[in-house]
Amino acid sequence: MNVYFLSVLLGIVEGLTEFLPVSSTAHLRIAEALMKIHLDGAACSTSGAACLQDVAYWKMYTIVIQLGAIVALCMLFLGRIVDFLRTFPRGEGGDRTWLTHPLSLTFIAFACTSGPALLLRKWSDKNLGSITAMALALVIGGIVMWAVDAWASRQEPVTIHVEEMSLPQAVWVGLCQTLSAVFPGVSRSMSTIAAGQLAGLDRPSALEFSFLLSIPTMIAATCWDLAKEVLHRHADAAAQVVMTPQRWGVLLVGAIVSFIVAFGVVEWFLYWVRKRGFTIFAIYRILLGGALLLWGARILGS
């Protein structure tokens, strides 16, 4: 398959799934397996330097194209971010503090995610990276999301604006986001949206705070993963990536496609959720996870 066409496909997958509650990690893993992109150096022979370079390159590629989706989200929420900066720390209603302003709550929630995620990341990568584990996470997460959304739709929300969120609500959402870092396939969006609804946020508020929290979370995770890949390659000369004009072009295509698709998806997702909720995404997760449990190992070889 032409590498530029492959890059377009992967960019579409990343842009479509990064902010939907369906797990971009699982979808990229499935897409890469179907396209015969191996991200495990064990697939190479001990003397296969070229193969090791390809493995290292595609690992870096998978990380870098997320930047396109991050930039799209920052652009879409630029107005809200500017408003938050302008009103810090008192807030729009003048009743916020240094601890309870939306910007503060976003970074407090991010801090609540970061510690446990870093402590458990190595164990997670070692034990929960298989297609079967991701399939189970998709199914269980879909059931949880469906149940929470159905329950929340029958309750009177405690919070209908992000500006009204409390410190305990932000801490709870941040801790729940850890699930997506520890269990690939759970989905960062699913965990934060469901946690927000359980904490009394209505759908739009839970979704908006999920998007706000994703900005520092994704930037930190992307930079962390990229730094690890660079340091790892320096330690293994055989896996040192040689960046050619073609490889730079493939990387740029993936990031641009990811940006364009994510830009449109976020706008559509906001509209859909306000009108119809999350049920369709829960059903999709359950169906995809079930299909992977039945046929994933045979089709994808994992």
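Coordinate-derived values only; no laboratory data. Not measured: the values here are computed from a predicted model. Heads up, the Cβs are rebuilt from the backbone with ideal geometry, glycines too, and the neighbour counts pull from every protein chain shown.
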- prompt: Which FRET efficiency value, to the nearest 0.05, is calculated for Ser153 and Tyr284 with the Förster distance at 22 angstrom and r the Cβ-Cβ distance?
  reply: 0.75
- prompt: So what is the calculated 222 nm ellipticity per residue for the chain, using -39500 (n - 2.57) for each DSSP H run with n of 4 or more, over all residues, to the nearest 500 deg cm²/dmol?
  reply: -24500 deg cm²/dmol
- prompt: For the residue pair Lys122 and Trp272, what label-to-label distance in nm results when each label sits 7 Å from Cα along the Cα-to-beta-carbon direction?
  reply: 3.9 nm
- prompt: Using a Förster distance of 45 Å, how high is the FRET efficiency between Ser166 and Ala291, based on the Cβ-Cβ distance and rounded to 0.05?
  reply: 0.65
message: If I model a spin label at Cys223 and Ile81 as a point 7 Å from the Cα along the Cα→Cβ vector, what separation in nanometres do I get?
response: 1.3 nm
- request: Using a cut-off of under 20 Å, list every residue of the range 209-230 whose amide N is near the label point 7 Å from the Cα of Cys74 along the Cα-to-beta-carbon line.
  value: 209-228
message: For the chain, I need the span (max minus min coordinate) of the C-alpha atoms along each principal axis, in Å, sorted largest to smallest.
response: 63, 42, 34
query: Are there any helices in the chain, counted as whole DSSP H runs, that stretch 24 Å or more along their axis by Cα and score at least 0.5 on average by Kyte-Doolittle, and if so which?
result: 131-153, 245-276
